[in-house]
Every structure is written in C-alpha cells, then in structure tokens.
Amino acid sequence: MSGRFLTDSPLPFCGGCGHGLVVRNTAKALERLGVSPLDVVLVTDIGCHGIIDGHFLTHTVHGLHGRAVALAAGIAAGLPETKTVLVYVGDGGAVIGLQHLVEAAHHNFDMTVIVHSNMLYGMTGGQPSGATPCGYRTPSCPAGKAEPGYDLCQRVHSAGAASARRVIGKGDFSDVIVEAMTTPGFAMVEVMEHCSSYGVKHNPERSLEAIVRDAELSMEPLRNPVTKPFRIESRGEALSLLAIDPIDRRFRAGLDRRISILLGGSAGEGVQVAAETFARAAIAAGLSATKKGIYPVTVGVGYSVAEIILSPEPILYAAAITPDLVALTSLDGFKYYQRVITEMRSGHILMDEELPGPVTNATVTRADIRRPAGKRGAALYALALLARQHRLFPTAALVEESARGRLAGKLDISHLLSQPDKEDA
Amino acid sequence: MRRPNRTPERAEHRCLIDGSRLIVESLARSGADVFVGYPITPANLIYAYGFKRVPVAIAAPDEITALQWMAGFSACGRIPITATSFPGFALMIESIGMAHMMELPMVVILAQRLGPATGSATAGAQGDLLLLHGMISGGYAVPVLCPADFTDCWELSSLAVHTAVRLRSPVVLLTSRETVMTQRDFDLGRLPDLTAAERVLYSGPDPYEPYTPEENLVPAFLPVGNDRHQVRLTASTHGRRGVHESVAAEALANTARLQGKVIANLPEFTKFELDEQDGSETIVVAWDVTALAARQAVARLRSRGRRVSLLVPKTLSPIPPIYTEVLARYARVVIAEENLTGQLRLILFGCAGRPGLVGVNAIGRMVSPGDIITAVKEQ
C-alpha cells in the first residue's frame, strides 16, 4: 500500500537507484504534514526522476529540461499559501536551470525543490553534469571529471534561500523534507545519490559517502533569515490607459496637402516632446498627424530626431520619403540629417544660425533659435516658426498644447511669438 | 471575473496615441491579468504600459523564465501576457511549445524588428512570420493575429485573449515597430466596447481528465491546486489523463487533436479585410503595417482609373482557406511585405509560386505606396 500520495504501481526506477527512496521519503513527509493530495502540486523536470509524475496522486506538472523550477515559481506565486509546491529536478536540470534556482531563491518563491543529485545524466547514457564532483567517473569521462562541480546548496544559499540542505540519499530522510516544506519561502534539499546503472559501475571502489566527503560537500543546513514568500498580488482596478485628455478641434489649419517635417536636435533638449506637442497642435487644428522618434539606444547622448507628417486627410503610410520641411536646432541633428538635406531638391530648411551651412537645393533659412529659446526650447520654437511661416496651423494652437501635458509649467514660448497667430475653427 | 472597463467617452475623442497603449488596454479589458515583462526594443512601451495597467505585473530575469512563469500562472487559472521581439522570442519558443502541448492559455506579443540576429533594434521589419509557421516541432499551428492599424490593435488584442482562453492555447499577437511605437492621431470614440473572456471551469460529476476534449475539441479547464479534482499537465506525449504514454494510440490521437482544435475553431478567429473591385484582375496582399501603404496605393491606383483589389490578412496562422480561394480568382497577385524573402508569399504559394505572382519587398524601411504602385503597373 502506497498511502494517500502514491499509486499502487511499482516505481519505475532501476534496482538500487536512489530516486525511489526520494519518492518514498517525499510521500512519508507529506503524510506527516497531514495535507491532502489536492493541496500539493508536484512539478517535475526532465530526467529519470521526472517519469514519476504518473505515480503521484497530487496535482502533477511535467515540463521541460531545466525549467521545472521556473515553471513551479509561477505556480507557487499564483496559488494561496495553503498549497504546497514541490519540485523534482536532477543535478543536470539544476545546472541547466541554475538561474531559475538562483532567481527562485532570490524572490523567495514558496516552494520546496528536491534535487536528485546522482552526479550524472542518467537518461542519456551517463554524461557528467555541472554538479558532478571532480574525479567522478562516468561512461563519457572514464578518467574522471577534471573540474569540481557546483555546490548547489551554496549557490541558492548565497542567493537568499530560506533553507538549503544536503542529505545522503539513504534510509529515512523524510524529516529533512518535512522541515523544508514547512519553511516559509524557498527551500532546497539536495539528495546525494549514486546512479546504480552508470555511477556505481564506473566508481566501484568508492562509497557515496566517500565521494561526497572527498568533494567537500557540506551536510550542514544553510539558512537565511525568514522573509515573506513571494506571491503575486493584484493592484486592483488600474486607471485606463485611454484616460487621456481629448484634443478638441478648435483651430483652423492652413495646410491643404500632406507634408512631412523632420526635426533634428540633441538628446535631452526636448525634441521628442516638442514633436508630440506640435503634432497635438496640428490635431487641434483639425489635421491628421503622425510622429515617430529616432534616437540612439543611449538615449541621453547624441542625436534626437523626429519625423512628423501632417495632412488634411487621414494618414496611412507614415514615412517621409522626401521631406518638405526640416528644422535643425543642434549640430547632432544637423549631422544626422546631413545626407537627407543634401539630397533635397526642394522644400525649406530652417536652422539655427550657429550651425554650418548645408549643401542643398532646398531653401535655407538661418535664424536665431537656440539663443532666445534656450536649448530646451529650441525644438518647439523652431517648429512654431515653421508653422507660422508656412501657415500650417495657428501658433496659438502650439502655445495652448504646450501649456498641457508634459510641458505644462516647464516651457512657454509664447513670449517669443509676440503675437501668436490665432484663427478659431 | 473583472468587469470591462469602459472607455471614458463615446463621443469623438481625438488624441495622439501609439499602438502599444491600445494593445495593452485591450488585453487588460479582455481579461489578461498578469503581465510578465522582460524588456526589449521595440516592445518597451508595451512593457511600460503593462506595468501601469495589468492587475499583476512582474519583471522576469530573462525570456525563458518569463514564459515559464507565465505557464505557471496560466496553470493556476490566470491569463498571462508578455511582449518581446525576435531575440527574446527565440528564447521563448521551447516554452511556447510546452504551453501549446500543456494547453495553457496566454498571449505573447511579438513586435518585429530588423534582423538577422540582433539586427537593428529600432528599425521595423516583418521578418518573423515564417518562424511562427514552424516554431512548434511537427509544424502544429499556434493562432497568430496581426493588427494592420490601430483599430485592429484594439479588436485583435481582445480577440487574442478570447482565442487563447477558448482554445486553451498560446496565441501570438504579431506586430512591428511602426505599429507599437509611431504615434498617430486617433479617435478613441470609435472603439467598440470589449468583454472580458469568460473562464468556464470543469464542473462535471466524473473525475476530471485534463485532456478529454469537449465538442469543439478543446478540453475543459481546471487550475492546478484546485480542491476538487487532480490535474495533470505535461509537455510529453500524453493521453487524456495527462501522463506520458509515448506513442500509444490515445496519446497520438491527443497530439493530432492539438492541430485539429485550432483548425476546427479557425472560423472563430479568422479576421481579414477584403476590398474587391469589380473587373479587377490584380489583387494586392499586405499584412501588418504594410497594409497601410497598400491601402494608400490601392486608393491612388483607383483614382487613376486602375482596377485593383486588396486583401489584408490579419489571421496569419493557420492560414484561413478563404485567402487562397480569393487569390485564385485573380490573374495577378502582388504581395507586399517588409522582408527580403517574401514570407507570406512562401507560406501561401511555396517555392513553386504561381503565374502572375509578384513580391514587393524591402528591408530597413517600410514598403512604400510607390513600391506597390510600380509593381502593379509593371505587370
């Protein structure tokens, strides 16, 4: 009789394999805990140990090689604390998923990981794992492993595991499993085994205890201060992402055709916000608008440029093949668009008077932009000048839109526009 | 179940907005309740919005962990979502295969960018469709929905959640840099209300079998850890009980059912736009952001007297049979997409192609209306 947690079927392991003992000690520990099988979720990895799931009467989840700890972390975080999450993993899977172990210990996911540490990959013919001790022989390394194995307990302990403990996989060690399962948060038990098919045969003169001792693997329990186990908690109803102020159509646009505008400036100078504000002002004037920002991944340095399209008709294709208008407020922006403006055959380029003279067939206007507007106001001011000069829409729309949103109270260019154009819709 | 969060206003509500915002809001209103994030360009806005809007948001240390955590949340009855781009998606694929085999609902947003490999993070592309058609060992279909515009971002994101729950399957929402990052003027007042996906849990009198299909070939769901029935989930070949059975007949039948359920329920998530013009012998086909260039190109061609039709496929896996039925009516088929090799072209017509088939392709820039017009005129 196998009790409440196991079926009556014989366990599927080789004679002498320690995995069967881990299973029986687990079932005994669960009996001692007094939980119901439906209070337990067993997550198994790939490896000989992982074929056990069909024998357990708990909930069972059988995943990918090395990933059982991460899969179980999601389950542990998603279930109430009344449930017990157990993970079975081999030493090979533990090393493949070492980051999952470290992360689970670090976050203090509420689970007990039992490592079936038989010092090799048993399912594929006995290759050494990252945890195989130095000198241990397997079919694929008959001279013995050259380097030491990972000390898995030390790894998870240093990551913050509430409890980590190694045991020799002989006899009754159910009390160690009980202790792990009753520890709040992340606990690991590494059960040292000697694979009866590959390990014993290639290391016939060495006992399991001697191998563990020679590898200087400590049996001392490792503990960290108990902290609250990690569980996902709902923040409740969040504010809708669509709870944004509407842009009322309250101005009249002068633009009667689709145009594209390039704005070239420097990181940290408000280029993207200026372009957004400009696009919003155009929308307030009844235009359709698109805006895309382009900048290096190091967002705090170098160029920051934006591409804006305006049209009295809905915009579908949102790219500027040939720009109609270009505003350049810094050397970074000038350099970024230098090739584009060289190739312009028509259109208008407005640039700060301190920038170098471009080679282009477009009309160029050099203006005093950065000095009066400051480096953070130059982009918005340059766009305002373009809006006014080309009668795209009233600059009052830009002044109003810059008084809202991200620029509110931070940037006011109205004094630079002495009399903002205003033409109500 | 959370009540749908109504749009603040139903009258005109113009704003400047990006597709990421619409996608996340739609997913949240449709029932997605856990966002698992690992940052990557161009999906960063989705990450930011996910942490603002989704009831639970958690940062994963890498993309493999992200998908494994999601599978765990899903097994507990949550509806998890994440967003990534190719480099991260490549790491997720084995775990998506696991979720497909375990039949765990979730939505993965794949924002395409220019490859190969790391490529250019801030450049757009449509380079991952072929991958999605072969990412499950055995070639099994995972539903893939692809918005062409902002209205689609709203409606297809919701459909992705509903499909994931209805089919007990991962669903990929395929998009690209332009859709998730470019800001456009948009009227929120046009958006229809959304409903949250309803989770129907197994309530039968018999012992629960996690892979016994219902009439629609989808098994009823129960979360692990429930107090009523044992739940067994496995990524190994399994029969109805959820235990590895190698190549037993019942297990193979269950494996075949995974494909069968997606095909059988395909009409429920088939979305496309078909704008046919009488007398037209040419049809333009475009997906994702290229569909916008195609709409513009088709309008311009028609304004010049050229007869041309347009197909915008939005369900991109499995391929609904209606696509090939429509295309068979045309002597010339022009397929425009932002990749070098013509991925949808290959999926629809294979290496052999067909007479009258033309690809319009670009990398590192969007396919333009002019590219499409030229291709139509040259035929």
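Coordinate-derived values only; no laboratory data. Just so it is clear, the structure is predicted and the values come from calculations on it, not from any experiment. Cβ: placed from backbone, ideal geometry, glycine included. Neighbour counts: every protein chain shown.
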Relative contact order in percent for region A:19-223 (Cα pairs under 8 Å, 6+ apart) equals 20 percent
If one compares the long axis through the Cα atoms of helix B:290-303 with the longest principal axis of the Cα atoms of chain B, the angle in degrees, nearest 10, works out at 30 degrees
Expected vector for region A:92-109, Karplus 3J(HN,Hα) from phi with 6.51, -1.76, 1.60 and θ = phi - 60°, integer Hz, x for Gly and Pro, equals x, x, 5, 7, 4, x, 4, 5, 5, 4, 4, 5, 5, 5, 5, 7, 6, 4
Karplus-derived 3J(HN,Hα) from phi for region B:239-244 (6.51 cos²θ - 1.76 cosθ + 1.60, θ = phi - 60°), whole Hz, x at Gly and Pro, runs x, 5, 7, x, 10, 4
Residues B:Trp154, B:Trp69 in order from fewest to most other beta-carbon atoms within 10 Å are B:Trp154, B:Trp69
One finds the C-alpha centres of region A:185-234 and region B:284-305 to be spaced, in Å, by 64 Å
When the charge dipole of region A:259-417 is computed with +1 on Lys and Arg Cβ and -1 on Asp and Glu Cβ about the Cα centre, the Cα farthest towards its positive end, among A:Leu316, A:Thr298, A:Pro358, belongs to A:Thr298
Output ordering of A:65-73, B:173-181, A:150-158, B:249-257 (per-residue mean of other Cβ within 10 Å, highest first) is A:65-73, B:173-181, A:150-158, B:249-257
Measuring from the longest principal axis of the C-alpha atoms of chain A, the long axis of helix A:271-284 (C-alpha) lies at a number of degrees, nearest 10, equal to 60 degrees
Partner aspartates and glutamates whose C-alpha sits under 14 Å from that of A:Lys228, ignoring same-chain residues fewer than 8 away, are A:Glu81, A:Asp110
Region B:14-190: relative contact order from alpha carbon pairs under 8 Å, six or more residues apart, as a whole percent, is 31 percent
Against the 2.2 N^0.38 Å rule of thumb, the C-alpha Rg of the protein assembly as shown sits at a ratio of 1.09
Taking a straight Cα-to-Cα line shorter than 21 Å from A:Lys201, and setting aside same-chain lysines fewer than 8 residues away, one finds A:Lys145, A:Lys170
For the pair A:Gln127 and A:Ala367, the simple spin-label estimate (label points 7 Å beyond Cα toward Cβ) gives in nm 6.7 nm
The pairs in A:Lys28/A:Lys83; A:Lys335/B:Lys314; A:Lys83/B:Lys261 lying past 29 Å Cα-Cα in this model are A:Lys335/B:Lys314; A:Lys83/B:Lys261
Scoring chain A by relative contact order with C-alpha pairs under 8 Å, at least six apart, yields a percentage of 11 percent
Karplus ³J(HN,Hα) for region B:245-250 (6.51 cos²θ - 1.76 cosθ + 1.60, θ = phi - 60°; Hz, whole; x = Gly/Pro) runs 10, 6, 10, 4, 4, 5
Bridge orientation stat for the protein assembly as shown from DSSP, antiparallel percent rounded to 5, came to 35 percent
Computed over the Cα atoms of region B:271-378, the Rg and Dmax in Å are 12.5, 36
Note: chain B, point scatterers on Cα, Debye, no solvent; log10 I/I(0) at q = 0.11, 0.12 Å⁻¹ equals -0.77, -0.90
Note to self: C-alpha centroids of region B:124-202 and region A:66-112 sit apart, in Å, by 30 Å
Rounded to the nearest 10, the angle in degrees between the Cα long axis of helix B:19-29 and the longest principal axis of the Cα atoms of chain B comes to 30 degrees
If unit charges are put on Cβ atoms (+1 for Lys and Arg, -1 for Asp and Glu) and the dipole of region B:14-190 is taken about its Cα centre, the option from B:Ala59, B:Ala90, B:Thr175 lying farthest towards the positive end turns out to be B:Ala59
